[in-house]
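The values are calculated or read from the model by the stated rules, or taken from the named source; none is laboratory data. Since this is a predicted model, take the numbers as computed values, not measurements. So basically every Cβ, Gly included, is an ideal-geometry build from the backbone, and we count neighbours across all protein chains shown.
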Amino acid sequence: MNKPDFQLERNAFGRLVFTAANGERHVGVVPVRAFPIAAPDEGLSLVSAEGHELAWLERLDALPPPLRELLHEELASREFTPEILRLRSVSTFSTPSIWEVETDRGSTAFVLKGEEDIRRLGASALLIAGSQGVQYMVRDRHALDRHSRRLLERFL
């Protein structure tokens, strides 16, 4: 485990503060994943409020636990991608259609405007964009229950 040459802490207002080895401080630092879906724990940039990269981290799991936990906490508050566990129903097999789903964050419904709002990620993962701007993840469409797979196949 490598000790980074910077410090990262949260200030009284909840914002991340980056302190470089030379003592230079940056308030409002934002962690940005290089590959948020394909490799979420590899390649993370710490970016200043002005948009300048302050540090590049190869792997999150190589960081000391307190720093890793702080970054995971910040990323979780910024990234909201519910995972679809089950499709309960779709209003119609043409678009737009209303999808009722169960996610890892609870039950919800969203409007799928068009088939182009379903993006394939690798062999079995999908990213589905609801009309309100929320991105829903299907990690493995083959692992869904039979009813969910049948509904989903009508749109693929």
Exercise. Which condition number in (1) within 25 Å of ALA125 (Cβ to Cβ); (2) in contact with a helix residue (DSSP H, G or I) (Cβ under 8 Å, 6 or more places away or on another chain) is the one that LEU8 fails?
Worked result: (1)
Exercise. Restricting the search to region 127-147, which residues are free of Cβ contacts under 8 Å to residues at least 24 places away in the same chain and surrounded by fewer than 17 Cβ atoms within 10 Å (Cβ to Cβ)?
Worked result: GLN132, GLY133, ASP140, HIS142, ALA143, ARG146
Exercise. Hey, any hits in region 82-90 for a residue that's touching an Asp or Glu at 6+ places or on another chain (Cβ under 9 Å), acidic (Asp, Glu) and assigned to a helix (DSSP H, G or I)?
Worked result: no
Problem set entry | Subset of region 50-86 [over 30 Å from LEU144 (Cβ atoms) and either in contact (Cβ under 8 Å) with a residue 40 or more places away in the chain or basic (Lys, Arg) (or both)] | LEU54, ALA55, LEU57, ARG59, ALA62, LEU63, PRO64, LEU67, ARG68, LEU70, LEU71, GLU74
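Going by the conditions given, is SER89 among the small types (Gly, Ala, Ser) and touching a residue at least 12 places away in the same chain (Cβ under 8 Å)?
Working: among the small types (Gly, Ala, Ser): yes; touching a residue at least 12 places away in the same chain (Cβ under 8 Å): yes.
So SER89 fits the description; yes.
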Exercise. Out of all the residues in region 113-156, which are assigned to a strand (DSSP E or B) and basic (Lys, Arg)?
Worked result: ARG119, ARG120
Exercise. Does THR92 count as under 13 Å from the mean Cα position of the chain (by Cα), surrounded by fewer than 17 Cβ atoms within 10 Å (Cβ to Cβ) and not aromatic (Phe, Trp, Tyr)?
Worked result: no
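Inspect region 24-37 for any residue being at pLDDT below 90 and not aliphatic (A, V, I, L, M) and give the result as yes or no. Spell out the reasoning first.
Of region 24-37, the ones at pLDDT below 90 are 35-37.
Keeping just the survivors that are not aliphatic (A, V, I, L, M) gives 35-36.
So far as region 24-37 goes, yes, one or more of its residues are at pLDDT below 90 and not aliphatic (A, V, I, L, M).
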Problem set entry | Extreme residue, surrounded by the fewest Cβ atoms within 10 Å (Cβ to Cβ), among residues of region 108-126 that are in contact (Cβ under 8 Å) with a residue 12 or more places away in the chain and more than 14 Å from MET137 (Cα to Cα) | GLU115
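How many residues does region 3-41 contain that are in a strand (DSSP E or B), without any contact (Cβ under 8 Å) to a residue 40 or more places away in the chain, farther than 15 Å from PRO66 by Cα and not β-branched (Val, Ile, Thr)? Give the derivation first.
Pass one, region 3-41, residues in a strand (DSSP E or B): 6-10, 16-20, 25-27, 30-33.
Subset that is without any contact (Cβ under 8 Å) to a residue 40 or more places away in the chain: 7, 17-20, 25-27, 32.
Remaining after also requiring farther than 15 Å from PRO66 by Cα: 19-20, 25-27, 32.
Next cut, not β-branched (Val, Ile, Thr) only: 20, 25-26.
Residues flagged as in a strand (DSSP E or B), without any contact (Cβ under 8 Å) to a residue 40 or more places away in the chain, farther than 15 Å from PRO66 by Cα and not β-branched (Val, Ile, Thr) within region 3-41 amount to 3.
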